[in-house]
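For reference, the structure is listed below as structure tokens.
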Amino acid sequence: MFNRSRINLLWILSLSTLPLLAQREPVLQQIDLPHPYYFREMYLPQLTTGPSAAAWTPDSQALIYSMAGSLWKQKLGSVIAEQLTAGSGYDYQPDCSPDGHWVIYASYARDAIELWALNLETRESRQLTSGGNVNLEPRFSPDGKRIAFVSTSYRKHFHIFLGQFTDGALTGVQRLTGENRSELPRYYYSEFDHGISPAWSPDGSELMFVSNRGHIYGTGGFWRMKAEPGAEAHEIHYEETAWKARPDFSPDGKRVVYASYLGQQWHQLWVMPADGGDAFPLSYGDFDNINPRWSPDGKKIAFISNRDGNTSLWFQEIPGGGQTQIIAAEMRYIQPMGRLEITVLNSSGQPTAARVSIVGKDGRAYAPQDAWMRADDGFVRAERPFEAHYFHSPGRAEISVPAGAVEVEVMKGFDHRVEKRTAEVVAGETTKLIVHLQSLHVPQEKNFQWVSGDVHVHMNYGGAYRDTPKRLIAQAEAENLSIVEDLVVNKEQRIPDIAYFSNKVDPASTPKTILLHGQEFHTSYWGHLGLLNLTQHFLIPGYVAYPGTAAASLAPTNAEIADEAHQQDALVGYVHPFDTYPDPAKDRSLTDELPVDAALGKVDYIEAVGFSDHKSTAAVWYHLLNCGFRLPAAAGTDAMANFASLRGPVGLNRVFARVPSGPLNISHWLGALKHGHTFATNGPLLGFTLAGHISGDEVRVSAEETSVKFTAWLRSIVPVDHLEVVCNGHVMRSLKLSGDRESADVQGTIPLLQSGWCLLRAWSDQSEHPVLDVYPYATTSPIYVTGPPPVKPTEGAAYFVAWIDRMIQDTGANRDWNTDAEKISVLELLNRAREIYVGLGR
């Protein structure tokens with residue numbers, strides 16, 4: 001379209017050269033495992049307002065449990081919870097010594113999880129480990145002289161360790177499980193085997209633990225070994241576990257209780273013979289019952305449940321099955337406490353739902369006892385000691401906090417300013433705080449409105465909580481999000497939200513927020529697809545290319561799935577596309593089908609802003625646009641909405657679609673998305689026109705015209721470093737921002753020499769709290785220009801030819817086909833797309 005057609009790769013790859021000091025980094029980087037958002041939520045302890053793990057006292061008459069980042073003790077039959085710890089970190093996973101004198105636990109502070117021991121008589125705590133690693137699941141031996149635990153101290157992998165415990169000190173620590181590198185084609189799990197969740201046999205001679213040795217999927221089966229270094233372990237039972245099995249011996253040593261989702265969508269309590277054999281369930285329900293602990297007298301099993309949404313503590317009688325909840329109606333704190341009452345008001349002075357973050361004088365996060373505490377998945381170490389925590393308030397909330405100064409942060413979507421306050425809380429009193437939200441004054445358009453939506457949300461995905469449509473709607477309203485596309489998807493062998501799948505708007509929807517249930521087609525070979533508005537049925541199986549299963553074949557391809565979805569009137573998009581810029585000459589594997597499906601007209605949108613690196617995704621997207629493929633921008637968070645440590649919140653990445661003013665209409669919104677009347681963002685709001693046309697439109701100009709008029713505006717809740725008009729992959733104009741770099745209103749012209757496309761983008765060099773993403777970023781969909789000579793897509797065409805050649809090579813070598821016809825058909829598909837790019841290159 002203009003005087004240069006090359007993609008500006010310096011911009012694409014510039015992120016790697018940014019100063020590291022101000023960049024977000026994942027929580028607890030001492031763990032070398034892929035996909036940290038899974039093991040972090042499902043295995044590592046998380047801050048929840050409800051209980052998260054429990055241990056029995058030796059007399060079986062009381063429980064010691066972790067809740068809200070502290071340890072608590074509560075007798076059976078009592079409603080009084082006594083706080084045991086209140087340090088500067090977050091305390092989890094208690095275990096009580098057989099003599100009742102000590103409690104060992106894991107404490108998260110100073111960017112590590114260390115083991116500590118609490119003396120129940122003196123109430124003094126002593127640190128047991130100090131290596132700056134991740135140490136978890138400490139368990140006393142039956143004689144109280146040894147501690148088994150999990151640590152990443154050896155090469156950042158989960159291994160079982162054993163140490164001697166004497167008078168509050170841990171000595172002689174040795175690793176029990178060996179380091180084994182597997183040749184199995186694991187995707188979600190490391191090539192190195194792990195050992196987790198140790199449990200002592202009642203005589204103290206053996207340990208049971210969970211390991212994936214010899215298995216592709218899940219965290220593995222159940223293994224037993226002598227509790228001594230160098231001992232050989234043997235597997236007694238295998239099923240595809242997912243971090244939460246946590247076995248525990250019965251006191252008689254004959255049985256083992258654990259959590260399993262075998263044949264179900266949710267975890268329940270199961271029991272099996274201690275030497276292996278057939279298991280059967282002890283509890284039932286469409287919710288999770290996890291972290292079981294058998295009482296020393298063998299008559300009860302304590303466990304954590306999310307049956308009411310939040311986490312809660314229960315015990316079940318054995319035998320009999322009666323279940324009783326442990327309710328902390330009266331909480332006796334160690335330090336003086338007060339109450340903070342927060343009311344959030346909108347511009348009309350009415351209470352409104354919002355996201356709220358509260359940090360007490362001790363540096364810890366606080367939330368109402370019935371709220372779901374959330375934790376960010378990364379943070380800038382130079383800014384804060386912990387990742388940000390927050391909860392969603394319906395408008396009014398009351399929180400118990402330590403007396404003293406309390407820091408409060410409130411936000412609601414991207415069109416209100418972030419409000420920060422400090423309140424002084426007095427012990428034994430209630431302090432009231434009213435926060436008025438201020439609008440960013442976004443430019444309005446007569447007869448039209450920009451409606452936000454998140455096209456990639458998972459309502460339930462194996463997290464700590466149990467989400468529902470009503471709760472998900474409340475989350476969206478607090479984030480000022482109008483459309484939620486819940487993509488139903490498998491997690492291991494289950495599909496947690498399959499019962500909610502429907503071709504209709506969810507009944508929980510409100511006039512302000514619409515919830516729909518679509519599907520994510522989940523193949524990690526060809527790339528993941530979002531299928532919006534399926535009108536008939538869910539596609540089964542929801543994945544291909546799973547080695548060792550009946551879905552091992554590479555067929556059907558994403559192109560075939562797109563055809564099936566289009567027959568159901570669905571929109572098909574590529575989700576969370578690229579973490580790095582794909583390089584056909586260097587990448588170890590390159591099988592993503594996006595360029596094939598774009599060439600064949602199978603793709604309706606791309607998550608230009610999503611769970612990926614936005615610049616890397618843009619680089620590929622720009623090549624596709626230069627090749628003449630019209631691909632609208634969407635945005636999806638890939639939020640796991642029932643996670644405590646979520647990639648999110650819901651609406652972190654959202655797409656705004658331009659629709660007629662009036663009540664929400666999902667058909668209008670999906671139509672606007674398909675036609676590219678959109679912009680995608682994680683914070684900055686954008687507006688862009690070219691010759692009076694909006695994103696998704698086509699502008700026709702005569703050969704005599706040498707320039708075209710544009711308008712651009714920006715409003716942002718955080719500073720933005722760059723606001724640019726991009727045409728055919730080249731920055732045509734860098735636009736001036738306001739002094740605070742949070743707004744702009746620009747009119748001007750750009751030269752016009754070639755046909756092609758233009759868009760507006762905004763981005764920053766580094767992360768900016770409270771945008772909980774790698775860096776602030778927004779982009780409009782393209783405006784397409786025709787009339788002048790077209791841009792020559794030589795570079796992009798050659799890039800995709802090389803890409804597809806890699807795909808053809810790998811596909812031809814694959815041996816998991818069901819039939820030769822499948823292989824031939826897939827290779828023909830790839831070659832058909834290749835020829836399109838070869839033709840474009842000419």
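Per residue of the chain, what 222 nm ellipticity follows from adding -39500 (n - 2.57) for every DSSP H run with n ≥ 4, rounded to the nearest 500?
Value at 222 nm, helices only, nearest 500: -3500 deg cm²/dmol.
How much length would be gained if the chain were fully extended between Gln174 and Glu705, taking 0.36 nm per residue of separation minus their Cα-Cα distance, in nm to one decimal?
183.5 nm
On a 0 to 90° scale, report how tilted helix 558-567 is relative to the longest principal axis of the chain, with both axes built from alpha carbons and the result rounded to the nearest 10.
Approximately 80 degrees, to the nearest 10.
Give the relative contact order (percent, whole number) for the chain; include only Cα pairs under 8 Å separated by 6+ residues.
Reported relative contact order: 10 percent.
Shape verdict for the range 604-662, please, from the Cα gyration tensor: rounded (a/c under 1.5), prolate (a/b greater than b/c) or oblate.
Because a/c hits 1.5 or more and a/b fails to exceed b/c, the range 604-662 counts as oblate.
How much of the accessible area of the chain, probe 1.4 Å, is carbon plus sulfur, in whole percent?
Values: 15490 of 31090 Å².
About 50 percent, which is the carbon plus sulfur part of the accessible surface.
With the dipole of the range 727-774 worked out from charges on the C-beta (+1 for Lys and Arg, -1 for Asp and Glu) around the Cα centre, which of Ala744, Ser767, Gly729 lies farthest toward the positive end?
Result: Gly729, furthest along the dipole toward the positive end.
Once a ≥ b ≥ c are taken as the square roots of the eigenvalues of the Cα gyration tensor of the range 339-385, is the result rounded (a/c under 1.5), prolate (a/b larger than b/c) or oblate (a/b not larger than b/c)? Intermediate results must be reported in sequence, preceding the final value.
On the way: a/c = 2.14, a/b = 1.73, b/c = 1.23.
Prolate, because a/c is 1.5 or more and a/b exceeds b/c.
Could you give the distance between the Cα centres of the range 396-423 and the range 509-526, to the whole Å?
31
For a quick check: with amide H placed at 1.01 Å from N, whose amide H comes under 5 Å from Gln449's, ignoring anything fewer than 5 positions away on the same chain?
Those qualifying (amide H under 5 Å, at least 5 residues apart or on another chain) are Val659, Ser661.
For the range 249-264, what does the Karplus curve 6.51 cos²θ - 1.76 cosθ + 1.60, with θ = phi - 60°, yield as ³J(HN,Hα) per residue in whole Hz, taken in order and with x for Gly and Pro?
Residue by residue, the range 249-264 yields 6, 6, x, 7, x, 8, 10, 9, 9, 7, 9, 8, 10, 3, x, 9 Hz.
On C-alpha positions alone, give me the angle between the axis of helix 820-841 and the longest principal axis of the chain, in degrees, nearest 10.
40
Considering the chain, which cysteines have no disulfide-compatible partner, defined as another cysteine with its Cβ under 4.7 Å away?
Cys96, Cys627
Is the range 310-407 rounded, prolate or oblate when judged by the Cα gyration tensor, a ≥ b ≥ c being the square roots of its eigenvalues, rounded requiring a/c under 1.5 and prolate requiring a/b larger than b/c?
Taking the square roots of the gyration eigenvalues as a ≥ b ≥ c, the range 310-407 is prolate.
5 Å is the cut-off here: which amide hydrogens, built 1.01 Å from N in the peptide plane, fall below it relative to His237, excluding neighbours closer than 5 in sequence?
Answer set, sorted by chain and number: Phe222.
Of Pro595, Tyr525, Val484, which is farthest on the positive side of the dipole of the range 465-602, counting Cα position, with +1 on Lys and Arg Cβ, -1 on Asp and Glu Cβ, and the Cα centre as origin?
Val484
Where does helix 794-813 land angle-wise versus the long Cα axis of the chain, in degrees 0 to 90, nearest 10?
40
In the range 78-127, which trypsin sites (Lys or Arg not before Pro) are in a loop and have at most 15 other Cβ atoms within 10 Å, using DSSP for the loop call?
On the way: sites: Arg110, Arg123, Arg126; in loops: Arg110, Arg123.
Hits after loop and neighbour filter: Arg110, Arg123.
Considering the options Pro138, Thr49, Ala388, tell which one lies farthest towards the positive end of the dipole of the chain, charges being +1 on Lys and Arg and -1 on Asp and Glu at the Cβ, about the Cα centre.
After comparing all options, I get Ala388.
When ranked by the protection proxy of mean other Cβ atoms within 10 Å per residue, highest first, what sequence do the peptides 754-760, 234-240 form?
Order by mean packing, descending: 754-760, 234-240.
Roll a 1.4 Å probe over the protein chains and send me the accessible area per residue for the chain in Å².
37
Provide the solvent-accessible area of Arg832, counting protein heavy atoms only and rolling a 1.4 Å probe, rounded to the nearest 10 Å².
120
Can you list the HN-Hα couplings for the range 592-601, worked out from phi with the Karplus curve (6.51, -1.76, 1.60; θ = phi - 60°), rounded to whole Hz and with x for Gly and Pro?
Coupling constants for the range 592-601: 4, 8, 3, x, 5, 6, 5, 5, 8, x Hz.
For Lys156, go through the aspartates and glutamates and keep the ones whose alpha-carbon is under 15 Å away, minus same-chain ones fewer than eight residues off.
Those aspartates and glutamates meeting the cut-off are Asp32, Asp111, Glu114, Glu179, Glu191, Asp193.
Under a 5 Å amide H to amide H cut-off, with H placed in plane at 1.01 Å, what residues pair with Leu539 once short-range neighbours are removed?
Residues meeting the amide H criterion: none.
What pairs from Lys73/Lys145; Lys586/Lys615; Lys73/Lys412; Lys73/Lys299; Lys412/Lys446 go past 26 Å between their alpha carbons?
Result: Lys73/Lys412 exceed 26 Å.
Quick one: if you stick a label point 7 Å off each Cα along the C-beta vector at Lys226 and Glu124, how many nm between them?
3.9
Using only alpha carbon pairs under 8 Å that are at least six residues apart, calculate the relative contact order of the range 174-213 and give it in whole percent. Spell out each step's value before the answer.
Values: 44 pairs, mean separation 13.0, N = 40.
Reported relative contact order: 32 percent.
Can you run phi through the Karplus equation (6.51, -1.76, 1.60; θ = phi - 60°) for the range 482-492 and list ³J(HN,Hα) in whole Hz, with x for Gly and Pro?
For the range 482-492, the Karplus-derived couplings read 8, 10, 10, 9, 7, 8, 5, 7, 6, 10, 6 Hz, x marking Gly and Pro.
Among 776-783, 704-711, how do they line up from the highest to the lowest mean number of other beta-carbon atoms within 10 Å?
Details: 776-783: 27.9, 704-711: 14.1.
Going from most to least packed, we get 776-783, 704-711.
The values are calculated or read from the model by the stated rules, or taken from the named source; none is laboratory data. Remember, predicted model here, so these are calculated numbers, not experimental data. Here the Cβ is made from the backbone with ideal geometry for all residues, glycine too, and neighbour counts use every protein chain on show. To get the accessible areas, we keep the full protein, side chains included, count just its heavy atoms, and leave off ligands, DNA and RNA. Shrake-Rupley method; radii C 1.70, N 1.55, O 1.52, S 1.80 Å.
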